[in-house]
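Computed from the coordinates by the stated procedures, all read-outs in this text should not be read as laboratory data. Please read all numbers here as calculations on a predicted model, not as lab measurements. With ideal geometry, Cβ positions are generated from the backbone for all residues, glycine too; neighbour counts draw on all protein chains shown.
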Amino acid sequence: MLFNSWIFFLFLPLVFAAVYAIPQKYRWIVLLIASYVFYGWWKADFLIIIAFSTVLDYFCALKIEDSENQYIRKRWAALSLGINLGILFLFKYFYFFIGSTAWMQDFVSPHQKLKDLVEFFGKSLPVGISFYTFQTMSYTLDVYYRRAKPERHLGQFALFVSYFPQLVAGPIERFSHLNEQLKVEHKLAYENIQLGLRLMLYGFFVKMVIADNLSYTVSSIFNDPGKWKFYWNIIGVLSFGFQIYADFFGYSLIAQGVAKLFGIELMDNFNRPYLSLNISEFWKRWHISLSTWFRDYVYIPLGGNRVSHSKWIMNIMLVFVLSGLWHGANYTFLIWGALHGLFYLVERFSPISIKFKWLNILITFLAVSFAWIFFRAENLEQAMQVIKGLTGLLDGQRQLDTQPYIFLLLLIFGILELARGNKRFDQFCASYSGIQRWTLYCFLIFCILTVCGSEYSAFIYFKF
C-alpha cells in the first residue's frame, strides 16, 4: 500500500479510529493486523517471509537470553543471522550471483526447474526486505550483546518488526527505542494529531511535488544520455540528487507523521545532508538509521579505529561497499559505495584544508552527485554513457522539454530547508503565527493538488 494512494487515505482513518476506540491492552492487535494488511496489499504471499523472520528471531532471542553458555548463545545468534541473511541473499542477490558467475550459469542452464527457480527469486523481491531484516538482526545482536532484554510477548514483538509506518522504507528502528513506545498507552492528543499532520503534509509535498516532478527529467536523461546537449546531462544528474533526497526524505516525513498520530516518535533519518562539509558529515546526515546500523553492528565490531592503520582503511572500505551492496545486487551499487569510501579516505588523508564553508559544501555535493550516477544507472554501460554525456563526448543536440516551474518549486523547497534550520518541520511551523502557518499549509496543499507529478508513483527506496 502506497502512502500516496487513495486507499491509504481510507485505511489510515479507520486504523486511527480503531486504535483509540479500544482499551490499551488490545491496541497491539489492531496495529499488528493493520501492519500486515498494509504490507500484504502489495502481495499477500510476502507475509509468510516476514512472519517467518519474526518467529525465528523471537525464539532465537529467548534461547540466547536463557542460556549462560557462550557457545550456545553464539549458536542461536548465528542461526538467526544466518537464516535472515540467507533469505535476503536468495531474494535479493541469488539471481545476480548466478548471472555473474559463468560456471554457475553453465550448471543451471540444462535444468529447466532450476532455471525457473532462479527466475522466481530474480523477479520476486519482497518490498522492504532489507529494512525489516536489518531491524530484526539488530534486535538479535542487541540481545546477544546484552544491550537489550528480549520481548517475551510474541504479538508485541511481531508489531515491532512490522509496524506499518516504517516497515517498507525505514527508518530502521532499534528495539530499545520503538518497542517500549508501542507498549505504552498513548492518549488521544490534539498535539500529536497536529504535529503528525504537519509532517505528513510536508512529506507529501516533498515527495509528490518535488521528487515526482523531477522524475521526468531524470528518466529522460538516464534512458538516453547521448540524445541531449551536454548541459542537460549535468542538469539530469543534479536533478537525480534532489529527486532521491526528496523521495526518501518525503517518505521518512510521512512515516514520522503517521507514527506521531499514534503517539510514536520515529527517529529522524535525514538532517539536510546536502549542507554537509565533507563525506563523513554527509553520512551523519543521510539515511541516518542505516549509517548508524553499519557503524554499530559492522564497523565497531571490526575494531573501529582502534586497529592498525591498514586494517582501519580496510574496515572503512568494507563498510561503504556493504552499504552499497545493501541497496541492491548490481555492480553499480558496489561502485557507488566504494566511491564514497574513497572520497572519505581522500578527505581524511588530504593535506589540503579548505577554510571556506560554502566551498566545502559545494565540493561535497558535487562528489555525492557524481557517485549518484552509478546509483541511478541500470548498468555500468549506462553509467559510462551518462559520464560521457557530462563531458560533451556524446554529440547530443536535443533540448529537453521540461516545465520551468519545476525548478521554481525546487528553489522554494531549498528555501524552506534553509529556513527551518535544524528544526524538524513540525517544530519549525510552531515558531510562526497561526496565519503564517495556514498560509504555508494552503500553499503546500495547493501544490500537491495542482502540480504533483505522476499519480501513485512508488517510493524509490521501496525496491531496496
Check L394: other-chain or 5+ apart residues with amide H under 5 Å from its amide H, H built from backbone geometry? G389
Select from the chain the helices, each a whole stretch of DSSP H, whose alpha-carbon atoms run 30 Å or more along the helix axis and whose Kyte-Doolittle mean is at least 0.0; answer none if there are none. 70-92, 230-261
Mind listing the long-range amide H neighbours of L400? Cut-off is under 5 Å, sequence gap 5 or more, other chains count too, H placed in the peptide plane at 1.01 Å from N. none
With Cβ to Cβ distances under 15 Å as the rule, what net charge do the other residues near R27 carry (K, R +1; D, E -1)? +1
Taking only Cα atoms of the chain, the Rg to Rh ratio with Kirkwood Rh works out at 0.96
Step by step: find N for segment 126-174, compute 2.2 N^0.38 Å, then divide the Cα radius of gyration by it. What's the final number? 1.12
Compute the orientation-averaged projected area for segment 157-245 from the convex hull of its Cα atoms and round it to one decimal in nm². 7.9 nm²
If Lys and Arg each add +1 and Asp and Glu each add -1, what is the summed charge of the other residues whose beta carbon sits under 13 Å from the beta carbon of A377? -1
Please state the equivalent ellipsoid semi-axes for segment 412-464: what are the square roots of 5 times the Cα gyration tensor eigenvalues, largest first, in whole Å? 25, 16, 9
Could you tell me how many cubic angstrom of Cα convex hull volume segment 6-185 has per residue? 131 Å³
Cut-off 12 Å between beta-carbons: net charge of the residues surrounding F413, Lys and Arg +1, Asp and Glu -1: +2
